[in-house]
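Below is one structure, written out as structure tokens; comments come after it.
Any read-out appearing in this document is the output of simple, stated calculations on the displayed coordinates, not a laboratory observation. Computed from a predicted structure; not experimentally measured. Cβ coordinates were reconstructed from backbone atoms using ideal geometry, including for glycine residues, and neighbour counts include every protein chain displayed.
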Amino acid sequence: MTEVLSQKLIKTFRRYVPSMKKKFNGMPSLEDLKKFIATAERIPNNILYIPVGLRWLWLGLRYRSLTLPSVSNPMIETGGFMGESKASVLDMVGDEYRNWIARYILFHRDGGSADSNFQRALEALKIKGLEFPIVAKPDIGWNGYGVRFVENETQLLEYLEQFPPGANLILQEAVNYDGEAGIFYIRIPGNEKGYIYSITLRYYPFVVGDGKSTLKQLIENDERTKFRAHLYLGKSPKHVGFSNEDLERVPPEGELIRLAFIGSLRAGGLYRDGSHLITPELTERFDTIARSMPEFYYGRFDIRFDSTDLLKRGEGFKIIEINGAGAEAIQAWDPNVSLMKLYSEFFRAQSLLFKVADRNRKRGYKPATIKDFLKAIKKQNRLVDMYPPAS
């Protein structure tokens, strides 16, 4: 059934991406990029994050707790660092602000047959008023693993067949806006208002047809997409690639082909620093939403938006996910940002994370034990290994 899904990827993704050469509706142009791959992306993560890990240890010693960030958002498990329920965080948003959230349901994939779970899921979608297409994703997730665009009932059944029994998933409306961004928000405990720390614009991995090359050739010859070619060519168990038929197609000149539904770096997404879009109106909007959540101080709102003009006015967007302490200063992954600047941004955000958590500890909240902290991380990693391929 995955083969059936892959044959529909081009049609599906083309419908959700504008056919304009190297441009995305409502998003800034990429013409000012000096290069398309950040220096940090060329470094294996297990090496790149060594300084970040060492600095975490230093801050842990300085603040006398290696798990202090677990109280950065005291009402969220581990503060949202790892292992938390995505749905439970979305549920925290106050009733008066829920119109800013993409509608969703939390669904438990029980140990019964895929067909019985499928029937229950259809009924739950009907009750919520959700129609296809939808987005299916793990409730405990990370970096886009297991996130899939689901166009119809057949694809939903396939997803449920592959999803691990006993785990929860989210079925969410597919927001038909071209723009996607991460709004990084911070409020220091004790302060009445918070602020937007940064905005990161996400561009999905794509290639542009030249009227001569096959899709496979375009992927393998593009400076950026060849970095993640194994995902798009169907050579990874963690990603739904294109079928051979799709790969041999010759896209017309100027046609933009979206290669993945998810826009994470892992899947080849490109991040741009969009902090110039921060306005008083946008800050006020997200500050009121964040303050409607009990004890929420540090995290990132992942959104889909219609246009940057509307976004600056605090309008025309939907929140698709809210991350806590595990949220990274992802604007630093902009290819125009130097490696030293990236580390500077990582360290600055890390210092603020510990500062926020320390304020909450002084207010009486106790950090998680190392045992519980590691247990949550282990649980998430175990589940990630079991999720269906992302699209």
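Brief remarks on what is shown
- Fully extended contour minus Cα-Cα distance, from residue 339 to residue 154, at 0.36 nm per residue: 62.2 nm
- Built amide H within the under 5 Å cut-off of residue 141, gap 5+: 86
- Using a Gaussian network model of the chain in which every pair of alpha carbons under 10 angstrom is joined by a spring, one finds that among 334, 95, 358 the greatest mean-square fluctuation is at 95.
- In order along the stretch 380-391, phi translates into HN-Hα couplings of 5, 4, 5, 5, 3, 5, 9, 6, x, x, 7, 10 Hz, rounded to whole numbers, per the Karplus curve 6.51 cos²θ - 1.76 cosθ + 1.60 with θ = phi - 60° and x for Gly and Pro.
- Note: relative contact order over the chain, using C-alpha pairs below 8 Å and six or more positions apart, is 29 percent.
- Using the alpha carbons alone, the radius of gyration of the stretch 162-319 stands to its Kirkwood radius in an Rg to Rh ratio of 1.06.
- Sorting 66, 383 by the number of Cβ atoms found within 10 Å of their own Cβ, with the fewest placed first, yields 66, 383.
- Taking the alpha carbon gyration tensor of the stretch 158-241, multiplying each eigenvalue by 5 and rooting it gives semi-axes of 34, 23, 13 Å, largest first.
- Taking the convex hull of Cα positions in the chain, its mean projected area over all directions (nm²): 18.3
- Count, lysine Cα pairs under 25 Å in the stretch 104-238, 8 or more residues apart or across chains: 11
- Alpha-carbon Debye profile of the stretch 65-151, log10 I(q)/I(0) at 0.24 Å⁻¹: -1.33
- Length-normalised contact order of the stretch 251-380 in % [C-alpha pairs under 8 Å, at least 6 apart]: 21
- Between amide H atoms placed 1.01 Å from N, distances below 5 Å from residue 101 occur with 319, all of them 5 or more places distant or on a separate chain.
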